[in-house]
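The values are calculated or read from the model by the stated rules, or taken from the named source; none is laboratory data. Please read these numbers as outputs of a predicted model, since none were measured by experiment. Virtual Cβ from ideal backbone geometry, glycine too; neighbours counted across all protein chains shown.
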């Protein structure tokens, strides 16, 4: 597992640093769909928070549900 | 070390690697903005229909005026937030040979039209400026737009004077007005 | 006191209310009402208010305040046989509420491609104090096609039990690393790695085997290390319909491994209504110290009573709705700034003897609902 973690991290490093231009797959003016609620990772934020709490006391697992995303990119 | 999870040392390495990735990918900015229009370059002409009416307009029709070309969308919150301020700029400088041109790039115009209607109701007057609709996103593609929204200040000869990435805040709006004053001289 | 501690079985103790970071922090408020109830006679009524206020062009202040009313009837808790009485029936305690007050405050710095959030969480109830600090950083790159995120939280909780525990402390730290990448104008994917580490008294103080005199209380190892690996994928199937798929794998040094699959479908019914449906499947293995309840003896140093330390699976189905009220309905407000979010989910665990032992029902079925009214300033 340790090798996989380091290997994946190095691969990410190479991809992100060397292929940055190729990772621009969506232009800023093409992000209309990602501004919609149904295209968010957590369309219903309060439900996500509440059910995370519930599953933490109804199950023995946790994690893996980070909410970070780029969204529509409008600044 | 127990099987199945990363040791503290590996986790520390992971965090360091993520940090390096972040620093290195800062350099991606230079690639991202390559090819964008620069000041002094002639703005590519376009012909677009009106957003609220079918009347077409081309950029060439505005030669002799200082133009602020704003590319916006109804799904872009910051685009909508600055619209009232930019229309106020049109009212301030409109009689001196300034034109605010708002080009909407929604896939369908209904939301943009509804927004303009509500804005007109809120401002208690017709939205100022020239409102155009670019369904095929010809202008963002031609101008290699890299942010939403983006505004282009174009001089009386049709050349780019300045490009503003992102929306205007109170402080950057003052700077915009100073640039418009300079361009109108 | 026992009832109050039992109520903790349905109380959130550890997790801070995590601000969900989108492209820009919100400038608005949310009024949220959440409800949970299950066949173990656990009830939680949780109203809360969330505020995110723009202070300057780059700083936002966030606050979440709630009051959780929690109840658990005593009849679900196994108790020792009552001593002979005069024949009068014992009055059954049931359904009294205990209260938990969670509060979190956070500050967000958001400029250009960087978003940094830092804050703290505190919750109070008579038998448990929850405290934590958290920080998160998101870097957007490649014209917002790629996002890297790192988040860290550290809790410093402690019990206030009515019996002496080996330690009253309970702390947990989590590290989240995530990468989000847009694949096309209609698809996006996210990878998340979470490292969790817990220390202190990690069992429930009231979990016990009552057949023994005195009772044998649950005792877990005093530390736990876990990792979760998740991938999430969203695709627009057609203009009005999106599909969300999540898979998470979890494992820890208690030998618990789990798989979670969550599938959600959303569809625009009209310009102002989005409906959704979801199915979630969860399956886990047992902890290394989990034995049949009748196999424990006083010589066991590790004892599990709660079914969560055993192998089981569960299914959840739910419906969701996002509604933008019409202009005519909200003539005094800007309809663009108001949104109503509704959800209702039903989950069902598999049968397990430990559920029968603790809750007098062979499996748990529960429902949780959320109603949230969002208003943007």
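For the condition without any contact (Cβ under 8 Å) to a residue 24 or more places away in the chain, within 14 Å of chain A (Cβ to nearest Cβ) and touching a strand residue (DSSP E or B) at 6+ places or on another chain (Cβ under 9 Å), what is the one hit in B:112, B:147?
Values: B:112 fails: without any contact (Cβ under 8 Å) to a residue 24 or more places away in the chain.
Every option except B:147 fails the conditions.
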| request: Would you check if residue A:20 is facing chain C (nearest Cβ under 7 Å), farther than 24 Å from residue C:51 by Cβ, modelled with pLDDT of 85 or more and crowded, with 20+ Cβ neighbours inside 10 Å? | output: no
| query | Would you call residue B:164 within 13 Å of the chain's Cα centre (by Cα) and in the same structural domain as residue B:41 (by TED's automatic domain parsing)? | reply | yes
| remark: Picking from B:94, B:4, B:35, B:64, the residue that is more than 14 Å from chain A (Cβ to nearest Cβ), assigned to a loop (DSSP other than H, G, I, E, B) and either at pLDDT 90 or above or surrounded by fewer than 16 Cβ atoms within 10 Å (Cβ to Cβ) (or both) would be B:64
| task | Select from segment C:131-143 the residues that are touching a residue at least 12 places away in the same chain (Cβ under 8 Å) and within 11 Å of chain A (Cβ to nearest Cβ) and write down the one among them that is farthest from the chain's Cα centre (by Cα). | result | C:141
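I'd like the full set of residues that are within 27 Å of residue C:259 (Cβ to Cβ) and in a loop (DSSP other than H, G, I, E, B), limited to segment C:199-221. Don't jump to the end; show me each part of the working.
From segment C:199-221, those within 27 Å of residue C:259 (Cβ to Cβ) are C:199, C:202-204, C:207, C:218, C:220-221; that's our starting set.
C:202, C:203, C:204, C:207, C:218, C:220, C:221, listed by residue number.
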| said: Looking at (1) over 29 Å from residue A:34 (Cα atoms); (2) modelled with pLDDT under 95, which one does residue B:110 not meet, given that it meets all the others? | reply: (1)
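Would you mind stating whether residue B:117 is buried (at least 20 other Cβ atoms within 10 Å of the Cβ), over 21 Å from residue C:27 (Cβ atoms) and in the same structural domain as residue B:173 (by TED's automatic domain parsing)?
Working: buried (at least 20 other Cβ atoms within 10 Å of the Cβ): no; over 21 Å from residue C:27 (Cβ atoms): yes; in the same structural domain as residue B:173 (by TED's automatic domain parsing): yes.
No, not satisfied.
For segment A:34-49, what are the residues that are in a helix (DSSP H, G or I), surrounded by fewer than 23 Cβ atoms within 10 Å (Cβ to Cβ) and free of Cβ contacts under 8 Å to residues at least 24 places away in the same chain? Steps first, please.
First, pick out the residues of segment A:34-49 that are in a helix (DSSP H, G or I): A:34-35, A:37-39, A:45-49.
Keeping just the survivors that are surrounded by fewer than 23 Cβ atoms within 10 Å (Cβ to Cβ) gives A:35, A:37, A:48.
Once the filter is applied, which keeps residues that are in a helix (DSSP H, G or I), surrounded by fewer than 23 Cβ atoms within 10 Å (Cβ to Cβ) and free of Cβ contacts under 8 Å to residues at least 24 places away in the same chain, segment A:34-49 yields A:37, A:48.
Mind checking which residues of segment C:297-310 are assigned to a loop (DSSP other than H, G, I, E, B) and either buried (at least 17 other Cβ atoms within 10 Å of the Cβ) or under 19 Å from the mean Cα position of the chain (by Cα) (or both)? Reasoning before the result, please.
Residues of segment C:297-310 assigned to a loop (DSSP other than H, G, I, E, B): C:297-302, C:304-306, C:310.
Residues satisfying the conditions are C:302, C:304, C:305, C:306, C:310.
Suppose we filter C:327, C:341 for residues that are at the interface with another protein chain (Cβ under 10 Å from one of its Cβ atoms), touching a helix residue (DSSP H, G or I) at 6+ places or on another chain (Cβ under 7 Å) and modelled with pLDDT under 95; which single one remains? Lay out the reasoning, then the answer.
On the way: C:341 fails: modelled with pLDDT under 95.
On inspection, the qualifying residue turns out to be C:327.
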